[in-house]
Amino acid sequence: MSAFFAGLGRFAVRFRYVIVVVWLALIAVTTLAFPSLGSEVNNDNSQFLPASAPSSRAAALAAPLLGSVNDNSEVTVVAARSSGTLRAGDAEVLGQLVAALRRAPRVSSVQELGASPDYQAIEIQVRARVNQADISAQKTLIDSLQDMLNRVRAPAGLEIRLAGEVATNVANQASSNKAGNQTQMFSIVFIIILLLLIFRSLLAPFITLVPAGFSLLVSTRLIGELGAHGLNISEITELLLIILTLGAGTDYGLFLVFRVREEIRHGMDSRTAVEHSLTRVGESITASAGTVILALLTLLLASFGIYRDLGIPLAVGIAVILLAGLTLLPALLAIFGRVAFWPSRVQPGAVRDGIWGRVASRLVRRPAVTLGAGLLLFGGLALAALGYHSGGFGGAANAPAGSAAAAGNALVSRHFPQSTANPSNIVFRYAEPVWKDPSVIARAAAALRDSRQFTSLEGPLLPNGTALTSAGYRELHAKLGDPTRLSLTPPPGSGISTADYNAYRATATFVSASGRVIQFEAALRAGGQQTTQALNATPTIRSVVTGAARRSGATDSGVAGEAAALYDVSATSNHDLLHIVPVAIVAIALLLGLVLRSLIAPLYLIVSVVFSYLAALGVSTLVFIDIGGDDGLTFILPFLMFIFLLALGEDYNILVMTRIREEAQALPLREAVVRAVGRTGTTVTSAGLVLAGTFGVLAVVAGGGASGSEVRAIGFGLAIGILMDTFLVRTLLVPATVALLGRWNWWPSSMGRQRGDPAPPVLVAPGPVEGKPAR
C-alpha cells in the first residue's frame, strides 16, 4: 500500500499543473451539463416513507380525492374581495381565468370548489400532472400559474393568489436554497479564519480549502444529476453535504498539510516532502474517507427513504473529496512549496511535540486514572440521554413570511375558517356510492365528533361551513349530478338556495367521482400537524377512525396527513437505527482491523465512539428538552449523530493509531504514544475544530430554512459530539487505552507478538523517523 501512495505522490508532484487544469475543466463540465442540487430538493419527508406505512396506504386510499403523489400536484387559487361580496364582474373574470388555467402546460383539470359562507371569496383547485416529490417541476408549475395570475385584469378590490401545499413547498424550497447558500458562505468564512489562526499563514488556509471547495462544486452537480433521474433529495441532505464536504475535506487537507510542514522541518525540500507525506498519510486519509463512505452506504439498508437516499449523495461527496485530497492538494502544495506557509518560516530543525506531547507524557504515567476519569464523565453525560424522546421533522408547515404563498394561505384562513391549511385527512371507502345512502356519512361524522379528538371537522355534509342534511345531499345530487361540472351560480328556476348550491359544489373535495371514497379534513385537538403532540396522538386517532369505519359500514379506512406520516417516519427511523447501526459497527470494525492490522484495537475504538455518541446525545437532551423546553428532539438526530460520529470519529482514530503504529516501529510503545500524540494532537484538534465549527454554523445559520429548530438541534448535537470526541476521546482516552494494553493493541500482527521493546532513541529526531519492527 505504501508503494501505491509513494507512486501517487510522485505522479501528483510531476504532473501538478496538469492536475489543476483537469480539476478546473471538471468543474466547468459538470456546471454546464448537470442541474444544481438546490433545484432537486424535496422538503416533504413523508415522501420518503415506504409504501407499506399506514399513512402511505391511507394516502393511496385517498388518491381518488387527493391524487397520487406520483402523478398529481394540487394548487389552490383563491380570489377574495377586501370588502363586500363577490360581484358579477368578478365571476366573469374568474371564468376567463379558469379557461386560461385549463390551457396551462401539464394542467389536467381546473375545478371551482365554491364560494365562502360570507360570499367574499372563492377557491379554485388546479390539478397538474406533476410528481409531488419533483420540486423542480412544481416550481415550474407555480411560476407558470403565477404568470397567468399576473396577466389577469382583476376588478378593483379583488385579490387573486396562489395557496396550498405546493405553493408553500416551492416558497420553502426557495428559503432552503437561501439557507444553503448562507451555510456555505459562513462555513467557508469560518474555516478560513480558523485556518489563518492555526497556520499563521496567508496561503496555507486557502490551499487547504481549495480542494474542499472544488469537491463541493463538482459533487453538488453530480448529485443534482442523480436527483434529476429519480433520487429523492431532502433539505437536510443538501445542508449536510455542504457541511460534510467543507468540513471533512478541510480535515483531510490538514492531515496532509501538517505532515508536509513537519517533513520540511525535518530537512526535506518541499516536493520531496509532499511525496513522502502522501506516502505516510495517504493510507490514513483513504481509510478515513473509506470509513465514512462505508458508514454512509449502510444507509442503503434503511426502510426510511430520507436515510436511504442520504447515503448515496453524501458518499459521492466524500469520494470526490478523497480524489481531490489525493491529487489536487498534493499538486497545489508542490506548486507553492515553502511559499504556502508564508509569512511563517518553515526551516529545518528540531520538531517539538508541543502541548499535546507534554499532555501525553503525563497521561502515559497514569493511564488508568485518565481512562477511569473519562469513563465517569462520559457515563454521567450518557445518563442524560435516558430523557430523550423524539419529536417531529416534517418540514415547514407554513410558507415563509412575506412570500406570495403566505399571502394566499392567509386569504384561505380568513374566508374559509372551517378549513385548515394542513389538515389530517380521514378517509373511508364504501361498497356503494354514498349518495345512495348518505346516512353512512352522518354516522362516520358522529363517531369522529363523539371521540372529542378534533376541534374542527369538515366533510361531505359540512363542506364549506354550510351544513347539509343526509336527505338534502341525496336530493341535491339527484338534481345537480356531478358537482365538478357546475357553474358559479344555481341554474335559473332550480329552487336551490345559493348557500346549499355552493355547499354542494364544495362536496367535490370530499366525495370521489365514484362516490365510494370520502374524506374528512380535521384539525386535531392535540395540536397542529407539525407538532410532537399531534404525532404522539396518531395511534389514538387511528383507533378512533377504525371505530368510525365499523360504525358506518366502511370497507376500509385510514389517516393521512403530516402528523400520521411523521409518526410512521419516527417509527421507521427507530427501526432503522436498531438494524443499521450494528451493520455499520461491524463494517467499520472490519475496515479498522485491516488498516491497523489488529483485532483488538478496533474493539475499543468502536466502544469509544459509542461513549462519545451517548454523551453527545445526553448533552443535546439536556440543552433542548430539559433546559430549552422542547417537546422532543427530531427523530433524525440520534441516527445522524451515530452515523457521523462513528464515521468521522474513526477518521481521527485512524490518524492517531496509524501514527502510533508508525512510531512504535522504532520506539517503546509509551514513548511512541507520546511522540504520536505530540505530532498529531494539533492536527486532530484543528481538524475537530473545523468540523465542529462547520456543524455549529449549520446550527446558527440554517435555522432559517424550512425546518429551523430541527436543523439547529442536528448542528448542535453533531458539533458537541465532535468536540468531545476530539479533545477528550482521541487525544486522551484512546492513547490511555493504548498505553494500558501495550503490545496487545496490535495482536495478532507481528507487533502484537513481540516480547521486547527496542531501545529508546531520542524523542526529537532531526530527520524522518525510520525503522523496522523489533524481532
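The values are calculated or read from the model by the stated rules, or taken from the named source; none is laboratory data. As the structure is a prediction and not an experimental result, all values here were calculated from the model. Here the Cβ positions follow ideal geometry from the backbone for every residue, glycine too, while neighbour counts run over all protein chains shown. SASA here: full protein model, heavy atoms, side chains in, ligands and nucleic acids out. Shrake-Rupley method; radii C 1.70, N 1.55, O 1.52, S 1.80 Å.
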Of these, S686, S608, which one is assigned to a helix (DSSP H, G or I), more than 30 Å from L386 (Cβ to Cβ) and under 26 Å from the mean Cα position of the chain (by Cα)?
S686
Any chance the range 616-627 includes a residue that's more than 30 Å from V734 (Cβ to Cβ), under 20 Å from the mean Cα position of the chain (by Cα) and surrounded by 24 or more Cβ atoms within 10 Å (Cβ to Cβ)?
no
Can you list residue pairs whose Cβ atoms sit under 9 Å apart, with the first residue in the range 652-678 being under 14 Å from A287 (Cβ atoms) and the second being open to solvent by less than 10 Å² (accessible area, probe 1.4 Å) and not in a helix (DSSP H, G or I)? Count only pairs 6 or more apart in sequence or on different chains.
M657/S598; R661/S598
Quick one: is T634 open to solvent by less than 10 Å² (accessible area, probe 1.4 Å), of a type in the set (S, T, Y) and touching a residue at least 40 places away in the same chain (Cβ under 8 Å)?
yes
Would you check if there is a residue in the range 154-165 being within 33 Å of the chain's Cα centre (by Cα) and part of a helix (DSSP H, G or I)?
yes
Inspect all residues belonging to the range 318-329 and state whether any of them is assigned to a helix (DSSP H, G or I), surrounded by fewer than 23 Cβ atoms within 10 Å (Cβ to Cβ) and among the polar types (S, T, N, Q).
yes
If you check E112, E40, E92, which single one turns out to be open to solvent by 20 Å² or more (accessible area, probe 1.4 Å), modelled with pLDDT under 80 and more than 25 Å from the chain's Cα centre (by Cα)?
E112
The lone exception for P492 - which of (1) part of a loop (DSSP other than H, G, I, E, B); (2) more than 29 Å from R550 (Cβ to Cβ); (3) in contact with a Pro (Cβ under 9 Å, 6 or more places away or on another chain) it fails:
(3)
For T420, only one of the following conditions fails: (1) part of a loop (DSSP other than H, G, I, E, B); (2) open to solvent by 10 Å² or more (accessible area, probe 1.4 Å); (3) modelled with pLDDT of 80 or more. What is its number?
(3)
Give me a count of the residues in the range 543-576 that are open to solvent by less than 30 Å² (accessible area, probe 1.4 Å) and without any contact (Cβ under 8 Å) to a residue 40 or more places away in the chain.
0
Exactly one of these conditions fails for A499: (1) within 21 Å of A548 (Cβ to Cβ); (2) touching a residue at least 24 places away in the same chain (Cβ under 8 Å); (3) open to solvent by 30 Å² or more (accessible area, probe 1.4 Å). Give me its number.
(1)
Of the residues in the range 294-308, those that are open to solvent by 10 Å² or more (accessible area, probe 1.4 Å) and closer than 12 Å to E650 by Cα number 1
Checking the condition touching a residue at least 12 places away in the same chain (Cβ under 8 Å), among the polar types (S, T, N, Q) and open to solvent by 10 Å² or more (accessible area, probe 1.4 Å), which residue from S608, S598 passes?
S608
Return a yes/no flag: does the range 424-435 have any residue that is within 29 Å of L524 (Cβ to Cβ), of a type in the set (S, T, Y), over 36 Å from the mean Cα position of the chain (by Cα) and surrounded by 13 or more Cβ atoms within 10 Å (Cβ to Cβ).
yes
What residue, of G649, G703, G693, is in a helix (DSSP H, G or I), modelled with pLDDT under 85 and in contact with a Phe, Trp or Tyr (Cβ under 7 Å, 6 or more places away or on another chain)?
G693
Within the range 475-489, is there a residue that is of a type in the set (K, R), outside any loop (DSSP other than H, G, I, E, B), open to solvent by 60 Å² or more (accessible area, probe 1.4 Å) and modelled with pLDDT under 90?
yes
Looking at the range 342-354, is at least one residue farther than 30 Å from V729 by Cα, aromatic (F, W, Y) and surrounded by fewer than 24 Cβ atoms within 10 Å (Cβ to Cβ)?
yes
Residue list for the range 260-279, filter: open to solvent by 20 Å² or more (accessible area, probe 1.4 Å) and at pLDDT 85 or above:
R261, M268, D269, S270, R271, T272, E275, H276, T279
When you scan the range 522-533, do you find a residue that is touching a helix residue (DSSP H, G or I) at 6+ places or on another chain (Cβ under 7 Å) and surrounded by fewer than 19 Cβ atoms within 10 Å (Cβ to Cβ), even just one?
yes
Starting from the range 124-151, keep only residues that are in a loop (DSSP other than H, G, I, E, B), then list their pairs with residues that are modelled with pLDDT under 80 and among the small types (G, A, S) whose Cβ atoms are within a distance under 8 Å, requiring at least 6 positions of separation or different chains.
V130/S73; V130/A137; N131/S73; N131/A137; Q132/S73
All positions within the range 64-89 that are buried (at least 20 other Cβ atoms within 10 Å of the Cβ), farther than 17 Å from S116 by Cβ and modelled with pLDDT of 85 or more
V75
Kindly list, by first and then second residue, each pair from a residue in the range 446-467 that is at pLDDT below 95 and among the acidic types (D, E) to a residue that is assigned to a strand (DSSP E or B) and crowded, with 18+ Cβ neighbours inside 10 Å, limited to pairs with Cβ atoms under 6 Å and residues at least 6 apart or on different chains.
E458/E521
Complete set of residues in the range 502-513 that are assigned to a loop (DSSP other than H, G, I, E, B) and open to solvent by less than 10 Å² (accessible area, probe 1.4 Å):
F510, S512
Taking A248 as the residue in question, decide whether it is touching a Ser or Thr at 6+ places or on another chain (Cβ under 8 Å) and in a helix (DSSP H, G or I).
no
The number of residues in the range 184-208 that are farther than 18 Å from V697 by Cα and of a type in the set (G, A, S) is 2
What is the residue count in the range 225-253 for residues that are of a type outside the set (V, I, T) and surrounded by 24 or more Cβ atoms within 10 Å (Cβ to Cβ)?
15
Residues satisfying the stated conditions in the range 718-741, i.e. among the small types (G, A, S) and modelled with pLDDT under 85
none
